[in-house]
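Comments concern the structure below.
Just so you know, all these numbers are worked out from the coordinates, no wet-lab data involved. Computed from a predicted structure; not experimentally measured. Positions of Cβ are generated from backbone atoms using ideal geometry, with glycine treated the same way; all protein chains shown enter the neighbour counts.
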Amino acid sequence: MQITRQADYAVRAMVYLAQLEPNHRAATGQIAKEKGIPPSFLAKIVSQLSVAGLLHTSRGAKGGVSLAKPPEAISLLDVVEAIDGPILLNDCVADSSACQYDDTCPLKPVWCDAQKMLVNHLSQANFAQFSQLPVGN
């Protein structure tokens, strides 16, 4: 499994915003420049994160984007799923009818356990942890 480039960019943008002083906004152009994200791509990402309730956006001279919640209340899972949708290692994990071997498959428990561990790990990683890094990283 690999997250999309868009999810990677979203995570980078959220790290940048988590490193700002509380309630500070950043211009999307500045985030794009600092984090190496194509500006047009970042606009789409910001829109998705805003719809998911993770970012506040405002236009105008004093506009920009900011976290909609404290960084400790935003998990890595929140951001990845806002962009890529629910994490799913295999179709059978979410839908037993997706596999004709569901009742006898020796692999299903492995897929289910692996997904639970990954989702749990990502849900425990929050952006307050990542805000300790220097803004340039």
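Just to confirm a number: summing +1 for Lys and Arg and -1 for Asp and Glu over residues other than Cys99 whose beta-carbon lies under 12 angstrom from that of Cys99, what do you get? Summing Lys/Arg as +1 and Asp/Glu as -1 gives -3.
Candidates Ala18, Thr104, Val79 compared by Cα position along the dipole of the chain: farthest toward the positive end lies Ala18, with charges placed on Cβ. Using a cut-off of 20 Å between alpha-carbon atoms, which aspartates and glutamates can reach Lys108, once sequence neighbours fewer than 8 places away in the same chain are excluded? Straight-distance partners of Lys108: Asp91, Asp95. Placing a pseudo-label 7 Å from each Cα along the Cα-to-Cβ vector at Thr4 and Ser66 gives an inter-label distance of 2.9 nm. Relative contact order of the range 5-130: 29 percent, from C-alpha pairs under 8 Å at least 6 residues apart in sequence. In this calculation the C-beta distance from Tyr101 to Val51 is compared with R0 = 35 Å, giving a FRET efficiency of 0.40. Panel note: the C-alpha atoms of the range 14-74, placed on their principal axes, show extents of 27, 22, 21 Å (largest first). Calculated translational diffusion coefficient of the range 5-130 (37 °C, 0.692 mPa s; Stokes-Einstein with Kirkwood radius over alpha-carbon pairs) equals 206 µm²/s.
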